[in-house]
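A.B. asks: Quick one: the structure is below, questions incoming.
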Protein chains: 2
Amino acid sequence: MAINKIQEEFTDYLKKIENYNEAINVMYWDLRTGAPKNGAEQRSNVISQLSAEVFEMTTSSTMENYLNLFEKEIGTGNLNEIIEKSVKECRKNYDLNCKIPKNEYAEYVKLCSLSENAWEDAKNEGDFSKFQPYLEKIVTMKKQFIEYWGYKDKKYDTLLSFYEPGMTTVKLDEVFGKVRESLVPLVAKISNSQTKLIRKELSQPISIDLQKEVSEEILEKLGYNFDSGRLDETVHPFQITLNPGDVRVTTKYIEDNFMSALFGTIHECGHALYEQNLSSNLIGTPLCEGASMGIHESQSLFFENMIGRSKEFWEAQYENLIAKTGEYFKNLSVEEFYKAINHSRPSLIRIEADECTYPLHIMVRYEIEKELFDGDLQVKDLPKIWNDKMEEYLGIVPSNDREGVLQDVHWAGGDFGYFPSYALGAMYAAQFKHKMKQDLSDYETILKSGEIHQIVNWLTLNIHQYGKLKEPKELLVDVTGEELNVKYFIDYLEDKYSKLYNLV
Amino acid sequence: MAINKIQEEFTDYLKKIENYNEAINVMYWDLRTGAPKNGAEQRSNVISQLSAEVFEMTTSSTMENYLNLFEKEIGTGNLNEIIEKSVKECRKNYDLNCKIPKNEYAEYVKLCSLSENAWEDAKNEGDFSKFQPYLEKIVTMKKQFIEYWGYKDKKYDTLLSFYEPGMTTVKLDEVFGKVRESLVPLVAKISNSQTKLIRKELSQPISIDLQKEVSEEILEKLGYNFDSGRLDETVHPFQITLNPGDVRVTTKYIEDNFMSALFGTIHECGHALYEQNLSSNLIGTPLCEGASMGIHESQSLFFENMIGRSKEFWEAQYENLIAKTGEYFKNLSVEEFYKAINHSRPSLIRIEADECTYPLHIMVRYEIEKELFDGDLQVKDLPKIWNDKMEEYLGIVPSNDREGVLQDVHWAGGDFGYFPSYALGAMYAAQFKHKMKQDLSDYETILKSGEIHQIVNWLTLNIHQYGKLKEPKELLVDVTGEELNVKYFIDYLEDKYSKLYNLV
C-alpha cells in the first residue's frame, strides 16, 4: 500500500482514539459539575470501558505496526510534519505502557488506589507512619519501572520527561539553584519588612451571583471565547478541553473570598486560551494539546500573576469592578487594591502560597524526589527533610505532617516528576513576557487600555497554535532565541516585590 | 461452552452496548443544555463514531450467533428471564437493521436528512408542494422496507410495532373509534358552552428564577429524586436517562407563561419517575427502559393531567404556590385556578392542544398514516384530507398548511406509526388510574394530603420496575385484569369536563 494511503489510515485511527478521549472528558466534566450522585458508580463503568478502549488502541499490534513502518520514514520527507510528530508522541505513549509487564502494572494501579486511601487517613490523623509503607512500595515499584523504561544519566530524568520532555536534573539543579539563591533572601526581606499590603476589604462577603457575573466578564476581557467554552462551578477549579471549539473552565465561589474565584478563574483562563487557540490542523491527533505541563502552566501563571496581578491591568479594569460590585471596593484605591492582591508571606501550604514564595515550595519537593530516586534518601526520613528544607528555604516549619509532608496527594498516586512543572511555568512565563515586551513595544499601554487581544494574538502566533508540535526547549528557543534562562524570572520578582515592599 | 458461561458472556456484551449508549446520551444531553456552539460539529463526529459502534455490535455476526444459540433455549428453562427477554429485544433490533440492504438504508438516511430540510423550508413558506416529492419518496422507501421486514395483516402494523409492540390497526380502529364517538360531541359541547374557564392571571410575567424554584419543589413533591437526577433548561423540554441513578429532566421557561414550564416539568417528571424506578436488575440490558412509547406516555400524561390538573392535588399544593409566588395568584381561588388550568378549546396545533382535544389531533394523523400504507391515499392529497378531518373531528380548519399538515416534523424524518402512542398513553393512564383507585381506596385523600409517594409506590410496584420485561398488552392485563378498554378514558373525560363546563 502506498505510504500516503497508510498515513490516511493512521490519521483515522488517531482520530478514533481522540474521539474516545473526548467522550471520556465530557463524562468526566459532567461528573464534576453536578451529575447526580446515584448515577456516579455506573458512570464510572462507562468511563472505564472507554478508557480501556483507548489503552487497547494505543498499545495494540496495529499501533505497533504503524509505528514500526513510519519510524523508518522519519526525516525522509515522505511523512507530513503532523504525522511525523504524532508518531513520536504515540511511540512515547506506547513504550510507557508496553514496557511494563502487565501483572506488575495491574499491581501498581491497585497499590496506588490503596495508597491514596492510606494517605487520606494519614493526613487526617497527621500521622506519616500510616502512609510510609505504601509510599515505600510505590517508590520501589517506580524504580523498577524506570529500569523497564530505561534511563540515561539519572533515573529521575525519565520521570521528568513524562511531564516536561527534554528536562533534566542537571538543568533543574542549575535553574532552581539560581532562583533559590535570589528568592530565599528576597522572601526573608519581605517577611522582615514593616510594609503591610494585606487589606480586610478583600475578604468581605460578596454574593455568588455577583462573583459569577464579574468572573464571566473578566474571562471575556481576557479573550476567552464563550462560543468555544463555558464557565461552571466545581469544588476544585480546572480547565478541560473537549475539543478546541469546546474548552471549558470551572471555578470555586466562596462568599467571603472573592479573590479566590477571581484569580482561580484567571488562572484557568490562561490554560483555556492556550487550548482555544491551538491550530485546527491538530484536531484528532495526540498533538492537539499543550507542549508540556510546564508550558501550559506558563500560560495560566502569565495570566494569573503577570496580567491579573499587574497594576496596569487593573488601571483599565478597576473602575468597572467598582461599578459592578458597588460598596465592596469603595474604600480601596486601585493602588491599594494592586498591593493587596500581591500580599506575600511565607506559608505552609503550597496551593495557598503567593507568586513569590510558591517556587520555594516546589524546590522542597524537587530536592526530595531527586534524592529518593537517585540518592540515598529513605521514605522514612521524608518528614524530617521536609521540615528542614522548609526552614532553610522559607524560614518556617510545619507543626505537624498534615501541614507538612502529607499535604499533597501527588506522591500517594505515584506522580513523581510532576511538581517541577509548576515552578518551571513561572520561569517560562517570565522569559516569554520579556520577549513579548520587545515585540510589542507598548506592552504597558496595551494593558492599561485593556486591549488584551494584542497580547493573546502574540501568544497564539508564538506559542498556542503549535500545541505539541514543538518540545518545550524548541519552543522556547524559537520564541525567545535562547534556552530557559531564569534571569528574567528573578529580575521580574525582584523588581516587582522590591517596589511593593519598599526593599533596598 | 456451558450455557451459563455463554449467558455471562452475552451479559457482558449487552453491558458494553448500554455503556456506549450512556456515553452517547451524556453527550447528547450536554449538547442540548449549553455546550458551546463552536464545539458542536466535532462533538457530532464523536457521537457518530459511538453510534456506529453500537450499530455494529447490535448487528454483528457475534450478536447473530448469540441470538441463534439462545433462541433454541427459549422456553426450556435454561435461560433466566432477563436473558430470554433481552434475546427477543435484540432480535427485533437485529432484524430491523439487518433486513434492509445497506445501500438502501444509506440512501434512506440521506433522504430523511434532505427531507427534514425541505420540510422546514416548506413549513416556513406554508407551501406543501415543496415538501411533497420528498415525502413521496420516503413513503415509497418505507413501503419497500416493510416488504423486507415482513407483515401479517396490514403493512402499517409493522410500523406500529416499533413503538407499540403488539398494537394493530384493528385494535386502534376499535379504540380510537369509540373514543372519537364520545369525544367529538363532547368537544363540540365545550365549544358551544357559555362557561369560560380561562384566566389572564395565568399569563402574568413571573421571574425565571422563581419558576425554577417552584418547578424544583413540585418535582420533589411528586417523588422525583434529585440524588438520581437534575433539572435543566432547554429549548424543548425532554427527559433523558443516562442510567437509572441519573435520570434527567429539562424544561423551558417563558416569563409570561409559567404554566408552560410548570406542566412541562410535571409531564417530564412522569417519564422520569418511570425510569428512576426501574428495577436495578435490568441495568446493562436492553430491557432497562419503558415498555413502549405509549406506556411511557401514560406515565407522563398521568402526572401532567390526572395529578397535575386535578383539583385534589392543588388543594394540597396551592397554599404553598401562593406563598412562593406572592402577588401572582392572589386573586385566584384554588377552584378558579383548577378551572383555568383545564381550559379546553379546539385549536390547530397539536403540541398546544389541551387534554380533551388532543386525542382528536392524533386521530387525524392516524387515519392519514393508515391510508397511506394500506389504502389508496396519495401524498399529494394530504393537505385536503388533513383539513377535512380537522373539520370533522375538531370543527376547525387551518387557513394554511403551516398550521395544518406541515406542523409536525415526524413524517419528514420517516417516523410513521409513532403518533398513536401519544393518544394511547392517555387511554392507558385512565385504565391504570381506575385500577389504582380500587387498590388505594383513599386515592382522593392521598392527593389532597400531598402523600404522592403512595401513588408512586403503586406505579413502581405495578408498572415501573418491570421496564421492558413485559409487553404493553401483558402489562395492562397483569395490572388491570383486561386489555386496553377505553371506557375508563371516556368516562374520565366526560365526567371531568361535564363538571368543568356545566354540560348536561
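Each value in this text was obtained by applying a stated rule to the coordinates, not by laboratory testing. Everything quoted here is computed from the prediction, not taken from an experiment. Because the Cβ atoms are built from the backbone with ideal geometry, glycine has one as well, and the counts that use them run over all protein chains shown.
A.B. asks: Taking a temperature of 4 °C and a viscosity of 1.567 mPa s, what whole-number D in µm²/s does Stokes-Einstein yield for region B:44-172 with Rh from Kirkwood over alpha carbon pairs?
C.D. replies: Numbers: Rh = 17.4 Å.
Here the translational diffusion coefficient equals 75 µm²/s.
A.B. asks: Could you state the number of Å between the C-alpha centres of region A:434-476 and region B:268-321?
C.D. replies: Between the Cα centre of region B:268-321 and that of region A:434-476, the gap is 56 Å.
A.B. asks: On to the next question. Under the definition of partner shielding as Cβ atoms of other protein chains within 10 Å of a residue Cβ, what is the mean value for peptide A:227-235? Can you show the working numbers first?
C.D. replies: Details: counts 4, 4, 4, 4, 0, 1, 0, 0, 0.
That average works out to 2.
A.B. asks: For region B:164-178, take each phi angle, set θ = phi - 60°, evaluate the Karplus expression 6.51 cos²θ - 1.76 cosθ + 1.60, and give the result in whole Hz per residue in order, putting x for glycine and proline.
C.D. replies: Karplus-based 3J(HN,Hα) across region B:164-178 equals 9, x, x, 7, 10, 4, 4, 5, 5, 4, 5, 6, 5, x, 4 Hz.
A.B. asks: Output, in nm with one decimal and in ascending order, the distances from the A:K5 label point to the matching label points of the other copies (7 Å from Cα along Cα-to-Cβ).
C.D. replies: Here A:K5 shows inter-copy label distances of 4.1 nm.
A.B. asks: Related question: Can you work out ³J(HN,Hα) from phi for every residue in region B:446-454, in order, using Karplus 6.51 cos²θ - 1.76 cosθ + 1.60 and θ = phi - 60°, giving whole Hz and x for Gly and Pro?
C.D. replies: Computed from phi, the couplings for region B:446-454 are 4, 4, 5, 8, x, 8, 4, 4, 5 Hz.
A.B. asks: Over region A:1-98, what per residue volume does the convex hull of the Cα atoms give, in whole Å³?
C.D. replies: Numbers: hull volume 10.0 nm³, N = 98.
Each residue corresponds to 102 Å³ of Cα convex hull volume.
A.B. asks: Sort A:74-85, A:247-258 by packing, meaning the average of other beta carbons within 10 Å per residue, with the highest value first. List each step's numbers first, then the result.
C.D. replies: On the way: A:74-85: 14.9, A:247-258: 20.0.
With the highest mean Cβ count within 10 Å placed first, the list reads A:247-258, A:74-85.
A.B. asks: What percent antiparallel are the DSSP beta bridges of the protein assembly as shown, to the nearest 5? Don't skip to the end; give the middle numbers.
C.D. replies: Numbers: 8 of 14 bridges.
Roughly 55 percent of the beta bridges in the protein assembly as shown run antiparallel, per DSSP.
A.B. asks: Now for a different question. Can you pull out the trypsin sites (Lys or Arg not before Pro) in region B:447-499 that DSSP calls coil and that have at most 16 other Cβ atoms within 10 Å?
C.D. replies: Numbers: sites: B:K448, B:K468, B:K470, B:K473, B:K487, B:K496, B:K499; in loops: B:K470.
Here no trypsin sites (Lys or Arg not before Pro) fit, given the DSSP loop and packing criteria.
A.B. asks: Continuing with this model, one more query. Largest first and in whole Å, give the semi-axes of region B:272-316's equivalent ellipsoid, each being the square root of 5 times a Cα gyration tensor eigenvalue.
C.D. replies: Each semi-axis is the square root of five times an eigenvalue, giving 27, 12, 5 Å.
A.B. asks: Distances from B:K92 to the same position in the other copies: list them in nm, one decimal, shortest first, using label points 7 Å from Cα along Cα→Cβ.
C.D. replies: Shortest to longest, the spacings are 5.1 nm.
A.B. asks: Can you compute the modelled spin-label distance between B:Q194 and A:R345, with each label point 7 Å from Cα toward Cβ, in nm?
C.D. replies: So the label points at B:Q194 and A:R345 sit 8.2 nm apart.
A.B. asks: Need one value for B:245-252: mean number of C-beta atoms belonging to other chains within 10 Å of its residues' C-beta atoms. Don't skip to the end; give the middle numbers.
C.D. replies: On the way: counts 9, 10, 3, 3, 0, 0, 0, 0.
Averaged over the peptide's residues, the number is 3.
A.B. asks: log₁₀ I(q)/I(0) of the protein assembly as shown at q = 0.05 Å⁻¹, via Debye over equal Cα point scatterers, no solvent, to two decimals?
C.D. replies: Relative scattering, expressed as log10 I(q)/I(0), comes to -0.40.
A.B. asks: For a quick protection proxy, order the peptides A:26-34, B:94-102 by their average other-Cβ count within 10 Å, most packed first. If you can, show how the numbers build up before the last one.
C.D. replies: Working: A:26-34: 18.4, B:94-102: 14.4.
By packing density, highest mean first, the sequence is A:26-34, B:94-102.
A.B. asks: Sorted by mean Cβ packing within 10 Å, highest first, what order do the peptides A:175-187, A:409-421 take? Provide the component values of the computation, followed by the final result.
C.D. replies: Working: A:175-187: 17.7, A:409-421: 20.7.
With the highest mean Cβ count within 10 Å placed first, the list reads A:409-421, A:175-187.
A.B. asks: Round to the nearest 0.05 the FRET efficiency obtained for B:E391 and B:K252 when R0 = 30 Å and r is the Cβ-Cβ distance. Write down the numbers at each step before the final one.
C.D. replies: Values: r = 31 Å, r/R0 = 1.05.
That gives a FRET efficiency of 0.45.
A.B. asks: Related question: Whole Å is fine, so just give me how far the alpha carbon centre of region B:155-191 lies from that of region B:99-137.
C.D. replies: Value for the Cα centre distance between the two parts: 27 Å.
A.B. asks: For chain A, count all C-alpha to C-alpha pairs, find those more than 38 Å apart, and express that count as a whole percent of the total. Present the calculation step by step, with values, prior to reporting the outcome.
C.D. replies: Details: 35167 of 126756 pairs.
Within chain A, distances greater than 38 Å cover 28 percent of Cα pairs.
A.B. asks: Find out how many positive minus negative residues lie around B:E289, taking Lys and Arg as positive, Asp and Glu as negative, among other residues whose Cβ is under 11 Å from that of B:E289. Intermediate results must be reported in sequence, preceding the final value.
C.D. replies: Values: positive: B:K468; negative: B:E18, B:E89, B:E275.
Computed value for this residue: -2.
A.B. asks: Taking every eigenvalue of the Cα gyration tensor of region A:353-468, multiplying by 5 and rooting it, what semi-axes result, largest first, whole Å? Display every interim value, and only then the final one.
C.D. replies: Numbers: eigenvalues 280, 55, 27 Å².
Here the semi-axes work out to 37, 17, 12 Å.
A.B. asks: Quick one: net charge around B:Q42, please, counting Lys, Arg +1 and Asp, Glu -1 for every other residue with C-beta under 12 Å from its C-beta.
C.D. replies: Net charge around B:Q42: -1.
A.B. asks: Something else now. Could you identify the residue of A sitting closest to the A-B rotation axis by Cβ and state that distance rounded to whole angstrom?
C.D. replies: Whole-Å result, nearest residue of chain A to the axis: A:A23, 2.
A.B. asks: In whole angstrom, note down how far apart the Cα centers of region B:1-48 and region A:380-394 are.
C.D. replies: 49 Å
A.B. asks: Go ahead and run the numbers for FRET between A:E104 and A:Q204, Cβ-Cβ distance against an R0 of 60 Å, rounding to 0.05. Don't skip to the answer; put the middle values down first.
C.D. replies: On the way: r = 54 Å, r/R0 = 0.90.
Approximately 0.65, to the nearest 0.05.
A.B. asks: How about region B:270-332: which trypsin sites (Lys or Arg not before Pro) there lie in a loop by DSSP and see at most 15 other Cβ atoms within 10 Å? Each step should come with its number before you reach the end.
C.D. replies: Numbers: sites: B:R309, B:K311, B:K324, B:K330; in loops: B:R309, B:K330.
Here the trypsin sites (Lys or Arg not before Pro) that fit, given the DSSP loop and packing criteria, are B:K330.
A.B. asks: How far apart are the A:K37 label points across copies, placing each 7 Å from Cα toward Cβ, in nm, shortest first?
C.D. replies: 3.8
A.B. asks: While we're looking at this one, here's another question. In whole Hz, with x marking every Gly and Pro, tabulate ³J(HN,Hα) for region B:112-123 from phi via Karplus 6.51 cos²θ - 1.76 cosθ + 1.60, θ = phi - 60°.
C.D. replies: With the stated coefficients, region B:112-123 comes to 4, 5, 4, 5, 5, 5, 4, 4, 4, 4, 4, 5 Hz.
A.B. asks: May I have the extent of the alpha carbons of region B:301-404 along their three principal axes, as whole Å values ordered from largest to smallest?
C.D. replies: Reported extents, whole Å, longest axis first: 58, 27, 19.
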